[in-house]
Structure formats: C-alpha cells, structure tokens
Amino acid sequence: MPLLTILPAGKTIEVTEGMSILDALIAAGEKAPEPCGDEAKCGACHIFVHDGRKTVSKMQRLENERLDAIVGVGSKSRLACLTRLGGENVTIELLGFGSGL
Ligand code: FES
C-alpha cells in the first residue's frame, strides 16, 4: 500500500490507490473541509503536493480553473478532493484548513 505523509504534522498513513487525497485525510481523522462532490466548488482543500506529483492523477480543467482563483497557488498546488492517489508514496502539506494556521 502506498503511504501518504501529511505535513506540517509529519504524520504518515497507509492509503488506497485511486482514493482522493481528501477522502484519505478524512479517513485518517484529519481536519478537512466537507467534500464538494468533485466539483471544485470551494477551493478550501488546497494543498501542496511536495513528493509524488507524478503518481497522483493529472490535473483537469475544472481544478485548474479553481486554482487560478486562489491566492498563494504555486507549482505544487492541487485540490485534495480532485487529486487521486497512485501506487507510490506521496507527501502533502496542508494549507489553512488543516495546518493550524
Ligand atoms: S472539497 Fe472540492 S474544491 Fe474543496
């Protein structure tokens, strides 16, 4: 099973290939926004994917458009609800909603 490391806490959990990062966070009991139904509605699940960007699902137009409207977006930015895990380990950083900021 691939591993998901969650920064800044440094917690690592086992995840299932194909599940969204947001679902993995919720299953792990992490503080997370309500899922929007994969419609990129809220943007509150903005995260940085530091490692494993090649193993996660490719960004689609809807996600790209939502990210364009968010302040603080960078090349590592993804929406956790629309990013599906692959077969390799991933490290993410929670921003705002789960980082304690
Ligand atoms: S939960 Fe879907 S955009 Fe945030």
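Every number here is computed from the coordinates shown, using simple stated rules; none is lab data. Owing to the predicted nature of the structure, the values given are computational and were not obtained by experimental measurement. Glycine gets a Cβ as well: all are built from the backbone with ideal geometry, and neighbour counts include every protein chain shown.
Remarks
- In the range 19-64, residue nearest to ILE6 (Cα to Cα) [restricted to those that are under 12 Å from the mean Cα position of the chain (by Cα) and of a type in the set (S, T, N, Q)]: SER20
- Looking across the range 65-86, the residues that are free of Cβ contacts under 8 Å to residues at least 24 places away in the same chain and either under 14 Å from the mean Cα position of the chain (by Cα) or in a loop (DSSP other than H, G, I, E, B) (or both) come down to VAL71, SER75.
- Of the criteria (1) more than 18 Å from PHE97 (Cβ to Cβ); (2) near the ligand (Cβ under 10 Å from one of its atoms); (3) in contact (Cβ under 8 Å) with a residue 24 or more places away in the chain, which one CYS45 fails: (1)
- Considering only residues in the range 10-27 that are in contact (Cβ under 8 Å) with a residue 24 or more places away in the chain and in a loop (DSSP other than H, G, I, E, B), the one that is surrounded by the most Cβ atoms within 10 Å (Cβ to Cβ) turns out to be VAL15.
- Residue match in the range 54-63 (condition: away from the ligand (no atom under 16 Å from the Cβ) and either crowded, with 16+ Cβ neighbours inside 10 Å or among the hydrophobic types (A, V, I, L, M, F, W, C) (or both)): yes
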